[in-house]
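Enquirer: Take a look at this one; I'll ask things after.
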Amino acid sequence: MTSMEFNQQSQQFSRMLKAFAYKLTQDMERAKDLYQDTIYRGLAYKDRFEEGSNLKAWLHTIMKNIFINDYRKRMRASVIMDSSGNDYLIDSGKEIVDNDGESNIMMKELTEIIDKLEEELRLPFLMHYQGYKYHEIADKFEIPLGTVKSRIFFARKELKKEIQKRYVNQVYYN
C-alpha cells in the first residue's frame, strides 16, 4: 500500500478515530495529539498492514495502544507540578515532619464526647474499642451477648449524633 492509498483510506475513518480519541482522553487537545500520533504511526508502519484486512480496526488498535502506553508513562513519571513559585520547597529533602496537632485536638474532643456517654454504654464501647470481643465484654459484665452488641450500637449512634452536632459546618478531606 502506498502512502497516497493509505491517506485516502484512513481519511474515511478520521471522524470515528477523532471521536474515539476524545472518548479515551476526555480532552480535546490531547485527543488531537492522539489522533495525529495514530495517523503518523499508521503511515510509518503501513508496510506491516496486511492487504485485505480491516484498516479501521488496525488504526483503532494502534490508537488504543498509544493511549495505554502514554497513560502508563505518565503514571510512572508522577511529576508534581507546583505553580506556587516556591520552587525551593519541592526538593527540600526527604525529611518529612508530621504535624499531629489537628488530630490530637480532634482525639481530645472525641474523648470528651465519649466520657459524656452513660456508663452502661460507655464501658462496653471502650472495651470494644480496645479490642475486646463481644463475648469477653458479655462475660466481664455478666450480661447477654445481644445486650453488649446493642449497647455498643447505641453508643456509636450517640457519638455520631454528637459529632454531627459539633462539626456540622466543618468539612474534612481525606
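The values are calculated or read from the model by the stated rules, or taken from the named source; none is laboratory data. Predicted, not measured: the structure shown is a model, and the values here were computed from it. A quick note on method: Cβ atoms are made from the backbone with ideal geometry, for glycine too, and the neighbour counts reach across all protein chains shown.
Enquirer: Mind checking which residues of the range 41-52 are surrounded by 15 or more Cβ atoms within 10 Å (Cβ to Cβ) and either touching a His at 6+ places or on another chain (Cβ under 9 Å) or part of a loop (DSSP other than H, G, I, E, B) (or both)?
Expert: Result: PHE49, single match.
Enquirer: Additional query: Do we have any residue at all in the range 138-149 that's within 21 Å of ILE113 (Cα to Cα), in a helix (DSSP H, G or I) and at pLDDT 85 or above?
Expert: Yes; the residues of the range 138-149 include at least one that is within 21 Å of ILE113 (Cα to Cα), in a helix (DSSP H, G or I) and at pLDDT 85 or above.
Enquirer: Taking the condition of being in a helix (DSSP H, G or I), surrounded by 13 or more Cβ atoms within 10 Å (Cβ to Cβ) and either at pLDDT below 85 or of a type outside the set (A, V, I, L, M) (or both), how many residues in the range 111-135 meet it?
Expert: 6
Enquirer: Hey, can you tell me all the residues within the range 1-40 that are part of a helix (DSSP H, G or I) and touching a residue at least 40 places away in the same chain (Cβ under 8 Å)?
Expert: SER3, PHE6, GLN9, SER10, MET16, LEU17, PHE20, ALA21, LEU24, THR25
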